[in-house]
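The values are calculated or read from the model by the stated rules, or taken from the named source; none is laboratory data. Keep in mind the model is a prediction, meaning the values are calculated, not measured. Glycine gets a Cβ as well: all are built from the backbone with ideal geometry, and neighbour counts include every protein chain shown.
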Amino acid sequence: MKFKKIIACSIATLMSLSINLSNNVKVKAANNNNSFVKAEGTKFSVDGHPFYFTGANAYDLFTYGDGDSSNLSKSRIENNYMSKSQIDSLMAQMESDGVKVVRTWGFSNESWHGFETAKGVYNEAEFMEFDYIMQSAKKHGMKVIICLENYWDAYGGINKKLSWEGLSGSKTQFFTNTNCKANYKDYAKHFIDRINHYTGVAYKDDPTIFSWELMNEPRYEDTTSNENVTGKILRSWVDEMAGYIKSIDSNHMVDAGLEGHGSKYNFGGDEGNPYVYIQQSPYIDFCSAHPYPDENWANLTPSQTETLMTAWINDAHKVVKKPFVMGEFNSHNNKEAYWKAAFDTIDKMDAAGGMFWNYNYRRLDDFTIMHGDSILDYYKTMSDKMSAKNGSKVIDTEAPTAPDNLSCSAKTSDSVSLSWTASTDNVGVTEYDIYNGSTQVGSSTVPSYTVTELAPSTTYNFTVKAKDAAGNVSNSSKELSVTTEPGTSISKVVSPVFSVPSGKYNSTQTVSISSATPGATIYYTTDGSNPNTNSAIYSSPINVSKNEMVKAYAVNAGMKDSDITSASYTIVSEPQSPISIKYTISSDWKVGATINVTITNNGATPINGWQLSWDLPLGETINNFWSADYTTNGLTATFRNANWNKTIAANGGTQSFGFNVNYSGVLTSPTSFTLNGQTCTIQQ
């Protein structure tokens with residue numbers, strides 16, 4: 001949805017609302033949150049069972065908490081930066097109101113609650129909050145659609161990405177600019193590869209995720225009248241980005257986030273994002289649309305809304321041959337009539353699901369839906385109706401049609417690129433297996449594949465078979481004979497590997513890069529761009545002290561260049577305490593020692609009264625002390641100021657005390673100190 005961002009004060013604790021449970025018998029759906037949702041034909045399924053749903057948008061879940069990025073510590077992130085109670089409360093309310101899928105933003109480029117606050121700079125605190133959102137969604141039995149980018153300007157959007165590249169003017173530049181596309185992929189990979197620090201599960205392996213959404217309401221409008229209608233450039237971007245996501249996450253669906261505008265539907269205009277053509281991309285799993293029927297520019301009646309919904313669903317099912325999801329929806333007025341027009345049509349036409357905009361805990365506008373709103377009585381009835389369809393298991397025994405028109409689109413001395421017409425299936429094709437004779441040489445989820453590592457001047461006989469989710473296999477395509485080009489087979493340099501894997505670290509990492517190919521030269525970058533022969537040559541380990549994406553590839557004379565490999569590092573340094581301790585062993589006679597301790601206050605505020613504690617190693621006892629009072633509690637030693645040295649001045653002020661210690665074995669120094677309950681830095 002296009003909307004003006006509303007800045008609201010963060011509420012520390014969401015007002016608890018009592019949830020009255022009806023005595024009516026409710027449909028209890030099976031727990032689907034442990035398995036992935038798949039698109040099969042025009043339906044969704046989980047473990048072979050149908051998956052119909054009602055859902056809601058809760059776009060700003062990621063803003064719950066004070067979002068203060070200054071002076072962050074893990075404790076502040078967990079207890080202040082995010083508000084777990086607000087997240088859990090809203091999730092519980094949505095669950096009680098029948099929400100099965102929640103669509104939410106996974107983007108922001110602002111300093112407050114930003115995911116990527118500058119190009120390639122990822123805010124670990126915000127991703128930690130999203131980790132909690134995912135954990136809470138799973139706890140409350142909901143799937144999550146994660147939207148990765150915004151066409152509109154709220155929370156940054158693609159205009160912000162253009163500004164990072166020094167570009168201004170038309171938003172259309174985003175979809176063709178090489179740097180913008182590379183940054184989009186880097187951000188998607190950071191999100192997808194991330195390991196949830198609460199659950200220990202990588203996002204790409206988390207069945208709580210329903211789908212990755214490429215962008216909220218993408219358009220490529222008003223460059224030419226022809227492009228407004230054809231949508232070729234946006235389709236190219238969708239193919240590239242969705243294909244990339246599929247290449248690193250084979251578990252989850254991808255959707256485009258379209259509004260469904262178009263003169264064909266008498267709803268909005270032609271904006272370079274034609275509903276059918278964009279969503280026919282082989283990398284997009286289902287169709288979406290966003291009806292707002294009583295907006296001034298639309299001005300549809302409830303009856304006309306039914307007609308619009310019918311047209312979208314028909315095109316999704318009969319032309320695109322994919323499931324339909326109403327990704328957003330609401331009306332300013334006459335909610336009952338409009339909601340019934342939309343959701344009843346979804347039910348009547350056996351569409352997969354529908355979602356409304358926008359579930360929230362505070363009233364923002366006409367489109368806000370809050371727990372207790374009367375329209376949710378109808379919505380909960382529809383939720384039960386949709387869930388009731390999820391009971392019987394789909395038994396599929398029908399095989400896909402055989403792939404047709406197998407052809408060679410390109411060949412070299414050691415590779416052949418094949419393409420074919422996609423097979424059809426009553427449920428949905430999931431994979432193609434490619435054969436040379438009777439030997440399988442590869443598989444693909446799309447109707448094309450490049451066979452590599454072939455011999456020069458050699459004839460190969462290729463066929464392709466299609467498979468569906470039930471394991472049914474089609475007949476073979478017609479055989480295609482292809483002879484590779486003459487030439488000498490050239491070996492490929494082994495791709496570089498990194499001594500330190502991608503991840504989050506709390507200190508500078510020394511990273512070595514190596515290739516198993518002897519004599520290979522490695523080129524690398526640290527700004528996330530793809531390296532080439534003009535990039536830095538690797539000669540010694542790299543010190544990574546900030547958030548960086550390191551990419552590398554290797555070359556060697558007479559060989560093919562290696563693939564580019566990458567590692568992403570997030571360096572999160574715990575803030576240094578303003579109080580430091582110097583623990584000095586001034587003399588040591590093997591069974592006892594004299595210790596001097598100096599406290600330094602590097603903060604801006606004087607300390608008026610101090611108490612320093614640490615744990616004594618086993619076998620150590622303190623018997624004499626000066627310039628401080630001493631007490632012990634078990635193994636914890638505590639020194640308190642004397643009357644005359646209670647104040648430690650700010651900005652480098654110090655106080656010292658000392659003691660004698662008896663010990664047996666080896667004398668060791670403490671590894672941590674607390675002063676007035678605050679952890680201290682240890683001076684070496």
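Taking segment 1-76 as the region of interest, none of the strands (runs of 3 or more DSSP E) fully inside it holds 3 or more residues being at pLDDT 95 or above, out of contact with any strand residue (DSSP E or B) (no Cβ under 8 Å at 6 or more places or on another chain) and over 30 Å from residue 151 (Cα atoms).
Does residue 80 satisfy the criteria of being out of contact with any Ser or Thr (no Cβ under 7 Å at 6 or more places or on another chain), of a type outside the set (Asp, Glu), in the same structural domain as residue 150 (by the TED database) and in contact (Cβ under 8 Å) with a residue 40 or more places away in the chain? For residue 80, the condition - out of contact with any Ser or Thr (no Cβ under 7 Å at 6 or more places or on another chain), of a type outside the set (Asp, Glu), in the same structural domain as residue 150 (by the TED database) and in contact (Cβ under 8 Å) with a residue 40 or more places away in the chain - is not met. Scanning segment 119-161 for residues being among the polar types (S, T, N, Q) and either part of a loop (DSSP other than H, G, I, E, B) or in contact with a His (Cβ under 9 Å, 6 or more places away or on another chain) (or both) gives a total of 1.
Please specify each residue of segment 508-517 satisfying the condition of being out of contact with any strand residue (DSSP E or B) (no Cβ under 7 Å at 6 or more places or on another chain) and modelled with pLDDT under 95.
Residue satisfying the conditions is 516 alone.
The listed residues are 591, 597, 555, and the only one of them that is surrounded by fewer than 17 Cβ atoms within 10 Å (Cβ to Cβ) and either β-branched (Val, Ile, Thr) or in contact with a Pro (Cβ under 6 Å, 6 or more places away or on another chain) (or both) turns out to be 591.
I'm trying to understand the selection: among the residues of segment 269-297, which are crowded, with 17+ Cβ neighbours inside 10 Å and under 15 Å from residue 329 (Cα atoms)? Correct list: 287, 288, 289, 290, 291, 292, 293, 294. You will find that of 191, 175, the residue that is crowded, with 20+ Cβ neighbours inside 10 Å and in contact with a Ser or Thr (Cβ under 9 Å, 6 or more places away or on another chain) is 175 and no other. Restricting attention to segment 235-273, the residues that are touching a residue at least 12 places away in the same chain (Cβ under 8 Å), farther than 30 Å from residue 190 by Cα and not charged (D, E, K, R) add up to 7. Against the list (1) free of Cβ contacts under 8 Å to residues at least 24 places away in the same chain; (2) assigned by the TED database to the domain that holds residue 410; (3) hydrophobic (A, V, I, L, M, F, W, C), the condition residue 470 fails is (1). Considering only segment 521-541, state which residues are among the hydrophobic types (A, V, I, L, M, F, W, C) and buried (at least 21 other Cβ atoms within 10 Å of the Cβ). Residue satisfying the conditions is 522 alone. Scanning segment 486-496 for residues that are within 30 Å of residue 530 (Cα to Cα) and part of a loop (DSSP other than H, G, I, E, B) returns 487, 488, 489, 490, 491, 493, 494, 495, 496.
Residues of segment 345-381 that are in a loop (DSSP other than H, G, I, E, B), under 22 Å from residue 58 (Cβ atoms) and touching a strand residue (DSSP E or B) at 6+ places or on another chain (Cβ under 9 Å): 351, 352, 358, 360, 367, 368, 370, 371. Applying a threshold of 9 Å to beta carbon distances and a minimum spacing of six or more residues, or different chains, the list of pairs starting in segment 201-220 at a residue that is free of Cβ contacts under 8 Å to residues at least 60 places away in the same chain and ending at one that is outside any loop (DSSP other than H, G, I, E, B) and hydroxyl-bearing (Ser, Thr, Tyr) reads 220/172.
I'm trying to understand the selection: among the residues of segment 497-508, which are part of a strand (DSSP E or B) and within 28 Å of residue 555 (Cβ to Cβ)? Selection gives 497, 498, 503.
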